[in-house]
Amino acid sequence: MDRAALKQRMNAYRQKLGQQMLDGFLVTREVNVHYLSGFTGDSSWLLVTRQEAFLLTDSRYTEQARQECLECHVVLVKESLEKTAAALAAAESVHRLGFESDFMTVAQHQRLAMAAALHPELVPSVDLCSALRQFKDEYELKWLREAAALGDRALTQLKPHLRPGITEREIGNRLNILMIEAGSEGLSFETIVASGSRGALPHGVPSDKPLEKGDMVTLDFGCIRKGYHSDMTRTFILGAPDPEQKARYELVLAAQMRAIEAIRPGRNTREIDAIARDLIKAAGFDENFGHGLGHSLGLEIHESPRFSPIAPPVVLEPGMLLTVEPGIYVPGWGGLRIEDMVLITEEGHDILTKFPKTLEDMTIIC
Ligand code: ZN
Ligand code: ZN
């Protein structure tokens, strides 16, 4: 990974340390170790001091760590992570050592406290990294854009296979293969395929149900590039839509597009959620849209902030990336959702997922 990007992240992290009156931090959450150091293995911790950074790892990973962690010293763990971390922090004159209290186990904390004795002092802290990870740097955006493009490509190749008779499972498997063949490192999450009345399940895993003429089919899936996740949903209609399908599709699409149009720096997450939610509510589907409008994503599929009616509002700033994914789910009838990845830019926004989504685009003549 890019040395300049790693340096920038580490500098920003050290500023946060200073604000918290800490002179060292033990990063144990794997995704944060990856973000700050560039290390892609597991079972390793990162000790950040005011001047230095140390990746603590075992012999399986020392060579990989030397290649990946361009801004860290690599320290071989011989006995335990806790003993190595405590000894190193003391040797580096760390007095107040923060740790991610939401992610360290009780047993780890006990071992660390035993090893540290009274020095350094262990200070429970929030996850300081997640605030930095809200803003995607150029390196991250390059791979997020690519992951989104792979999803677009896989869905384009899948579309001719959406025919009556093929099962949800076959569709899901084929889409997964197409994503991998396009270059995805894995699946962002288990691909969702929900057709006909099963569409009422927002997170329906693929079943043996065959697609039938008249079904709406919701596909929600994502690709991974360099650890960065994409996320997209499209709902197709097999055959000409009936008036009810047409009206409900147009409603969800209008809600999604109005919310996206409003996205720009200065607006807050709750306002954007309300734009889509109010439209759906006004059409009488308030009870049928139970989830938040969207979520941030990056090294993880769900990150903060979120477009939500209940989470504390967050003011949008350039560099944030969130999905916009309204849907309606009607038991007995089915459901639909439309989801895109939207980057907040200086001027407004940029949509990373490009697959078409008009009713006409989604209608499959059969
Ligand atoms: Zn999704
Ligand atoms: Zn999503």
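Since every read-out is calculated from the coordinates, none of them should be taken as a lab result. Because the structure is a prediction, the values reported are computed rather than measured. We place every Cβ from the backbone using ideal geometry, glycine too, and count neighbours over all the protein chains shown.
Within the stretch 33-52, list the residues whose amide N lies under 14 Å from a label point set 7 Å along Cα→Cβ of Phe103. Within reach of a label on Phe103, which here means backbone N under 14 Å from a point 7 Å along Cα→Cβ, the stretch 33-52 contributes 33-48.
Picking from Leu55, Thr345, Val31, whose Cα lies most toward the positive end of the charge dipole for the chain (charges on Cβ: Lys, Arg +1; Asp, Glu -1)? Result: Leu55, furthest along the dipole toward the positive end.
Across the stretch 76-81, coupling constants 3J(HN,Hα) worked out from phi with the 6.51/-1.76/1.60 Karplus curve, θ = phi - 60°, read 7, 8, 9, 9, 8, 4 Hz, and Gly and Pro carry x.
The peptide list 353-366, 53-66, 143-156, 186-199, put in order of mean Cβ contacts within 10 Å with the highest first, becomes 143-156, 186-199, 53-66, 353-366. Convex hull volume of the Cα atoms of the stretch 65-162, normalised per residue: 197 Å³.
For the peptides 331-341, 76-86, the ranking by packing is 331-341, 76-86, with the highest mean count of neighbouring Cβ atoms within 10 Å listed first. Coupling constants for the stretch 152-157 follow from the phi torsions by the Karplus curve (6.51 cos²θ - 1.76 cosθ + 1.60, θ = phi - 60°), and in residue order they are 4, 5, 4, 5, 4, 6 Hz; glycine and proline get x.
Annotation: amide H-H contacts under 5 Å for Val74 (H modelled 1.01 Å from N, sequence separation of 5 or more, or interchain): Leu55.
In plain terms, if you count all Cα to Cα distances in the stretch 290-366 and split them into 10 Å steps from zero, the share in each step is 16, 42, 30, 11, 1 percent.
Residues whose amide H comes within less than 5 Å of that of Arg267, counting only those at least five positions distant or on another chain, are Leu316 (H built at 1.01 Å from N in the peptide plane). Per-residue HN-Hα couplings for the stretch 17-26, Karplus 6.51 cos²θ - 1.76 cosθ + 1.60 at θ = phi - 60°, whole Hz, x for Gly and Pro? So the J values, rounded to whole Hz, are 4, x, 4, 8, 6, 10, 10, x, 9, 9. A Cα-only calculation for the stretch 105-228 places Rg and Dmax at 21.5, 70 Å.
Net charge in the neighbourhood of Gly348 (other residues with Cβ under 9 Å of its Cβ; Lys, Arg +1, Asp, Glu -1) is -3.
For Gln67 and Met257, a Förster radius of 35 Å and the Cβ-Cβ distance give a FRET efficiency of 0.20, rounded to the nearest 0.05. Here's how it looks for Glu303: its modeled amide H is under 5 Å from those of Ser296, Leu297, which are all 5 or more places away or on a different chain.
Extending 7 Å from Cα along the Cβ direction at Gln15 and again at Ala91 yields two label points whose distance is 3.1 nm. For the chain, taking a cut-off of 4.7 Å between Cβ atoms, the unpaired cysteines are Cys129, Cys223, Cys366.
Legend: calculated FRET efficiency, Glu360 to Thr40, from the Cβ-Cβ distance at R0 = 51 Å, rounded to 0.05, equals 0.75. With N counted as the residues of the stretch 209-366, its alpha-carbon radius of gyration over 2.2 N^0.38 Å works out to 1.04. For the chain, build the convex hull from the C-alpha positions and give me its volume per residue in Å³. Here the figure is 144 Å³ per residue. Structural descriptor for the chain: relative contact order 14 percent, calculated from alpha carbon pairs under 8 angstrom and at least 6 residues apart.
In a reduced charge model with +1 at each Lys and Arg Cβ and -1 at each Asp and Glu Cβ, the chain shows a dipole moment near 140 debye about its Cα centre. The stretch 232-311 and the stretch 90-126 have their alpha-carbon centroids 42 Å apart. Secondary-structure-derived ellipticity at 222 nm for the chain, considering helices only, amounts to -11500 deg cm²/dmol, per-run term -39500 (n - 2.57) for DSSP H runs with n ≥ 4. Pairs of Lys residues in the chain that lie 8 or more places apart, or on two chains, and have C-alpha atoms under 14 angstrom apart add up to 4. Between the stretch 140-169 and the stretch 1-28, what is the C-alpha centre distance in whole Å? Cα centroid to Cα centroid, the span is 37 Å.
Just name one of Ser207, Ala259, Gly172: the one whose Cα is farthest towards the positive end of the charge dipole of the chain (beta-carbon charges, Lys/Arg +1, Asp/Glu -1). With unit charges placed on the Cβ atoms, the residue in question is Gly172.
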